[in-house]
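The structure under discussion appears below in the form of structure tokens.
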Amino acid sequence: MRENITRDDLDAVINYLKQDDPILTQGANVRAFEEEWSEWLGVKYSVFVNSGASANLITIAALRHLYGVGEIIVPALTWVSDVASVIQNGFQPLFVDINPATLCMDDEEVIRKLTDNTRAVFLTHIQGFNGLTNRLLEALDKKGIPLIEDVCESHGATFRNRKLGSFGLISNFSFYYGHHLSTIEGGMVCTDDEGIYQMLRMLRSHGMVREASDGAVKVKYIEENPDLSPDFIFSYPAYNVRNTEIGALIGRNQLKRIDENNRRRRKNFSLFLSSLNSQRFRTDFYLEGSCNYAFNLVLKNADSDLRDRVEQVMREAKVEFRRGSSGGGNQMRQPYLKDIVKDREWEAYPEVEHIHFYGYYVGNYPTLEKEKILELCDLLNNA
Ligand SMILES: Cc1ncc(COP(=O)(O)O)c(C=O)c1O
């Protein structure tokens, strides 16, 4: 990733800092960013937090308070915080393999694994691909199981012409530097549900009731707790995951160009795929609605020699890459899960296993020149 925070973004911050005694902690710019983001996404409410991982954490904490613990279906290919937040809140993660065309959870396997104990499906839209299908949405709707969307890697991608993150009961975004939009560090939790919105506002700020924006919520707690100072009523055992005015200023400035940036990313990605040798690499991803901040480089076959040569040419050309795609590949292999996942259980998830050993991503940023994309493909095709 390069130039994700531009001179113009920095100037917006500098102008703000020129005033005497500017408010830097969460304030009017955070509120404005939340409103502008909600409008861009097509949801009613958004809560700005300090990272995508924090978005995951308070989302799953909200689920625990709403529905109690049980199983949450998660992908084997995702970021660590999507699984860690589930465990930290006392749920059991139930893993699902991926669809190789989208790298997102295989919808049929999700549907097969739904039980009376399923509290939610926590789907990750991997690196700009859409993971939703009509079949999945209908099955969840029929069983009344909430969908939680992790859109940390897929800002602006769509399904049925609607932005991802506007389908689930709650959705999460990350504004880490490498993603489609960056506030240095940051994240957003979005929902259409007013009650959940109030809960998320409190969970973001120590569980403090005065953080709710609905007067009725505050009055209820104050009346139920006459012995407490109304300024210090803590509704839930929670966290401080607030962001700052500086993050919000950068986010607001970036929102003005996210659509144009995403148009360029789509164009870059399509040039990348059409220039790769499809005998060596997978080029048949399902692209409808996708918006990738990374080039997905997946070897067609489990060929370790080719893998070594591909890594070597990228290293020599100083092309930064990550093996294992999102989150380093198969989460089930990670040591933090050793008490939950049985030894070698991960081998029953062949699609994510392939990505673990033969899948990569390389940054796709808006100012990346066409010549560089062609040069990269040339290197890879001849490795
Ligand atoms: C799918 C997904 N979820 C959550 C996160 C966590 O976001 P952050 O790095 O902002 O904490 C990431 C980070 O890259 C991610 O890719």
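Since every read-out is calculated from the coordinates, none of them should be taken as a lab result. Predicted, not measured: the structure shown is a model, and the values here were computed from it. Glycine also receives a Cβ, built like all others from the backbone with ideal geometry; neighbour counts cover every protein chain displayed.
Data table
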{"read-out": "For I170, residues with placed amide H under 5 Å, excluding near neighbours", "value": "E149"}
{"read-out": "Euclidean distance between Cα centres, region 1-72 to region 263-331, Å", "value": "30 Å"}
{"read-out": "Range of Cα positions in the chain per principal axis (Å), largest first", "value": "73, 55, 37"}
{"read-out": "Alpha carbon centroid spacing (whole Å) that separates region 205-239 from region 355-383", "value": "51 Å"}
{"read-out": "Listed pairs K44/K142; K318/K372; K113/K142; K267/K370 exceeding 18 Å between Cα atoms", "value": "K44/K142"}
{"read-out": "Region 251-335: GluC sites (Glu not before Pro) in DSSP loop, at most 13 other beta carbons within 10 Å", "value": "E288, E320"}
{"read-out": "Aspartates and glutamates with Cα under 17 Å of K218, excluding same-chain neighbours fewer than 8 positions away", "value": "E194, D227, D231"}
{"read-out": "Alpha carbon convex hull of region 211-363, volume per residue in cubic angstrom", "value": "229 Å³"}
{"read-out": "Alpha-carbon Rg with Dmax, taken over region 70-175, Å", "value": "12.4, 36"}
{"read-out": "Fully extended contour minus Cα-Cα distance, from R263 to N15, at 0.36 nm per residue", "value": "86.4 nm"}
{"read-out": "Inter-label distance for A302 and R344, nm, one decimal - labels placed 7 Å from Cα along Cα-to-Cβ", "value": "1.3 nm"}
{"read-out": "Antiparallel content of DSSP bridges confined to the chain, in %, to 5", "value": "65 percent"}
{"read-out": "Cα convex hull volume per residue for region 1-74 (Å³)", "value": "151 Å³"}
{"read-out": "Cα-based equivalent ellipsoid of region 304-383: semi-axis lengths in Å, sorted from largest, via gyration tensor", "value": "30, 14, 10"}
{"read-out": "Intensity falloff of region 153-239 expressed as log10 I(q)/I(0), Debye formula with alpha-carbon point scatterers, at q = 0.16, 0.24 Å⁻¹", "value": "-0.73, -1.11"}
{"read-out": "At most 16 other Cβ within 10 Å, DSSP loop - trypsin sites (Lys or Arg not before Pro), region 309-383", "value": "K318, K338, K342, R344"}
{"read-out": "Peptides ranked, highest mean first, by Cβ atoms within 10 Å: ranges 92-99, 227-234, 300-307", "value": "92-99, 300-307, 227-234"}
{"read-out": "Values of log10 I(q)/I(0), in the order q = 0.09, 0.18, 0.20 Å⁻¹, for region 19-134 under a Debye, Cα-only, solvent-free model", "value": "-0.32, -1.02, -1.15"}
{"read-out": "Convex hull (Cα only) mean projected area of region 146-201, reported in nm² to one decimal", "value": "4.1 nm²"}
{"read-out": "Over region 144-299, relative contact order from alpha-carbon pairs under 8 Å, at least 6 apart, %", "value": "22 percent"}
{"read-out": "q = 0.19, 0.21 Å⁻¹, region 198-271: log10 I(q)/I(0) [Debye, one scatterer per Cα]", "value": "-0.79, -0.87"}
